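> The structure's right below; bear with me while I get my questions together.
The values are calculated or read from the model by the stated rules, or taken from the named source; none is laboratory data. Computed from a predicted model, the values in this text were never measured in an experiment. Reconstructed Cβ throughout: ideal geometry from the backbone, glycine too, with neighbour counts over all protein chains shown.
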């Protein structure tokens, strides 16, 4: 039976690379985003099903999982990839924008992971992967909301890994420490060869973690370009 992968927060870049790789590996792919029209080309390329879902809303997330199960079966690989950020001096930040950043970056991760865990506990196995950032481990100036959200997502991943690993559910967090190449990215020339993270290379690491034997599971992995200072 083919594996079923659900990517929440699908679009271009990393999520598209994940969809292509999972499809190539023989998985059935489900893509979720607030707007499904932007997923038409990717869905056609990867034979994926596209679902409308606002990860900030518990009802949307619950409906997403019910639809995926009904259409495809229970997913045994779930990736949480949405991101939102607001920048500025802490004294001038808009509280509503701060709340949205935390809700999309962290709370949505909880909603998706909770639904995934409920299914995987019934199935007796599964993988839940969270996409983090440099801000998961470093709070940068003028970027407090994003750091709050990404620190929270990392904490969620650590707690879930410790709780669910003994029940054969692999939970891992990825610190993406550097810029991800997006199309013909002008930043690539500034950084030199391989100065940006290639989406396809990141996707290979996600697949590797998913495929790990449970005698040697990874709970967190940091990925960065070779020229990145840290």
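> Collect the residues in the stretch 118-140 that are closer than 29 Å to residue 86 by Cβ and either without any contact (Cβ under 8 Å) to a residue 12 or more places away in the chain or crowded, with 19+ Cβ neighbours inside 10 Å (or both), keeping them in residue-number order.
128, 129, 130, 131, 132, 133, 134, 135, 136, 138, 140
> Next up: Would you point out which residue out of 163, 190 is at pLDDT 95 or above, over 24 Å from residue 59 (Cβ atoms) and out of contact with any helix residue (DSSP H, G or I) (no Cβ under 7 Å at 6 or more places or on another chain)?
Being at pLDDT 95 or above, over 24 Å from residue 59 (Cβ atoms) and out of contact with any helix residue (DSSP H, G or I) (no Cβ under 7 Å at 6 or more places or on another chain) holds for just one of 163, 190, which is 163.
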